[in-house]
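S.K.: Before anything else, here's the structure in question.
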Amino acid sequence: MSATITHMRREIEEIPEATARLLDGSAAVLTEAGRGIRERDPNFVVTVARGSSDHAATFMKYAVELTAGLAVASVGPSIASIYGA
């Protein structure tokens with residue numbers, strides 16, 4: 001019996017290569033973002049995202065909290081767009 005390889009499985013197997021491409025192609029942008037954060041010296045970070053972008057923001061939350069020691073909060077897109085908060 002052969003196992004069927006699902007679309008999800010194929011996407012999971014692409015993660016190492018996709019991550020390498022992101023890091024290789026974005027080194028300058030990531031360095032500049034880090035520099036900007038250090039220069040501004042914020043007390044906290046707020047993310048505004050929906051769906052899979054919100055999942056990515058959650059990953060970033062843990063990375064920022066662990067590496068920069070900053071608190072990160074997530075607000076719903078409607079809070080930002082409707083109320084201007």
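Just so you know, all these numbers are worked out from the coordinates, no wet-lab data involved. None of the values given here were measured: they were computed from a predicted structure. When we count neighbours, we look across all protein chains shown, and the Cβ atoms used for this are built from the backbone with ideal geometry, even at glycine.
S.K.: Looking at VAL45, VAL29, can you tell me which residue is aliphatic (A, V, I, L, M) and in a strand (DSSP E or B)?
M.R.: Details: VAL29 fails: in a strand (DSSP E or B).
That would be VAL45, the only listed residue that is aliphatic (A, V, I, L, M) and in a strand (DSSP E or B).
S.K.: Taking PRO42 and the conditions (1) under 30 Å from ILE79 (Cβ atoms); (2) within 16 Å of the chain's Cα centre (by Cα); (3) surrounded by 10 or more Cβ atoms within 10 Å (Cβ to Cβ), which numbered condition does it fall short on, given that it satisfies the others?
M.R.: Status for PRO42: all satisfied but (2).
S.K.: Assuming THR4 fulfils every condition listed in (1) assigned to a loop (DSSP other than H, G, I, E, B); (2) touching a strand residue (DSSP E or B) at 6+ places or on another chain (Cβ under 8 Å) apart from one, which condition is it?
M.R.: Unmet condition: (2).
S.K.: Could you tell me how many of the residues in region 1-17 are surrounded by 10 or more Cβ atoms within 10 Å (Cβ to Cβ) and within 17 Å of ALA56 (Cβ to Cβ)?
M.R.: Filtering region 1-17 for residues surrounded by 10 or more Cβ atoms within 10 Å (Cβ to Cβ) gives 9, 11-14.
Filter again for within 17 Å of ALA56 (Cβ to Cβ), leaving 11-12, 14.
Counting residues in region 1-17 that are surrounded by 10 or more Cβ atoms within 10 Å (Cβ to Cβ) and within 17 Å of ALA56 (Cβ to Cβ) gives 3.
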